[in-house]
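Data block below; observations after.
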Amino acid sequence: MSARVTQGSGDATRLEVYTDGQCPLCQWTRSRVEPLDSDRRLEWLDYHDPTALARAAPHTHKQLAEQMHVRLPDGTWRKGYDAWLAVLAVLPGRRWLASVLSVPPFTWLGPHFYKLVARRRYQLFGVPPPCDDGEVCAVHAKK
């Protein structure tokens, strides 16, 4: 993981993490992961925010809503299970976990489990889905 500077960070080792800021599971997960990021390698972005959505180009709102996306420092993208592996790989004390989860059978089962939960995150964790695939919903817009 090398070479892309996140806008305004001045740090060539930072990952951009695009999640659903309206999803209780996503919020809970971020609240557990963020304190582990003592090196400040993760920049959390809510794809419902028009500025974050513009930064995520060429990805669309619909694509970002399907799975978590991470832009690596070199400009390449990971999504879903692979995105979580990228996040774990930069967390002090959790890098070993990324190594373990990067081999079979985890690489076979992990993506399926991730997609199962991601598709049902609104039903399972108590928030209605966004109103429209292409726009920020007025219900979810920050006031």
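The values are calculated or read from the model by the stated rules, or taken from the named source; none is laboratory data. Just so it is clear, the model here is predicted, and its values are computed rather than measured. So basically every Cβ, Gly included, is an ideal-geometry build from the backbone, and we count neighbours across all protein chains shown.
Among the residues of the range 65-79, how many are at pLDDT 95 or above and assigned to a helix (DSSP H, G or I)?
0
Can you tell me which residue is farthest from Arg120 (Cα to Cα) among those in the range 5-18 that are at pLDDT below 95 and touching a strand residue (DSSP E or B) at 6+ places or on another chain (Cβ under 7 Å)? Lay out the reasoning, then the answer.
We begin by selecting, within the range 5-18, every residue at pLDDT below 95; these are 5-14.
Narrowing further to those that are touching a strand residue (DSSP E or B) at 6+ places or on another chain (Cβ under 7 Å): 6, 9, 14.
Working: Thr6: 31, Ser9: 34, Arg14: 29 Å.
Only one residue tops the list, namely Ser9.
So how many residues does the range 44-72 have that are farther than 12 Å from Tyr18 by Cα and either crowded, with 20+ Cβ neighbours inside 10 Å or touching a helix residue (DSSP H, G or I) at 6+ places or on another chain (Cβ under 7 Å) (or both)?
0
Please go through (1) modelled with pLDDT under 95; (2) not in a loop (DSSP other than H, G, I, E, B) for Pro129 and return the number of the only condition it doesn't satisfy.
Unmet condition: (2).
Arg94 passes all but one of (1) at pLDDT 95 or above; (2) over 13 Å from the mean Cα position of the chain (by Cα); (3) not hydroxyl-bearing (Ser, Thr, Tyr); which number fails?
Of (1) at pLDDT 95 or above; (2) over 13 Å from the mean Cα position of the chain (by Cα); (3) not hydroxyl-bearing (Ser, Thr, Tyr), only one is false for Arg94: (1).
Just for the range 31-43: of the residues that are crowded, with 17+ Cβ neighbours inside 10 Å and not in a loop (DSSP other than H, G, I, E, B), which one is farthest from the chain's Cα centre (by Cα)?
Within the range 31-43, the match that is farthest from the chain's Cα centre (by Cα) is Val33.
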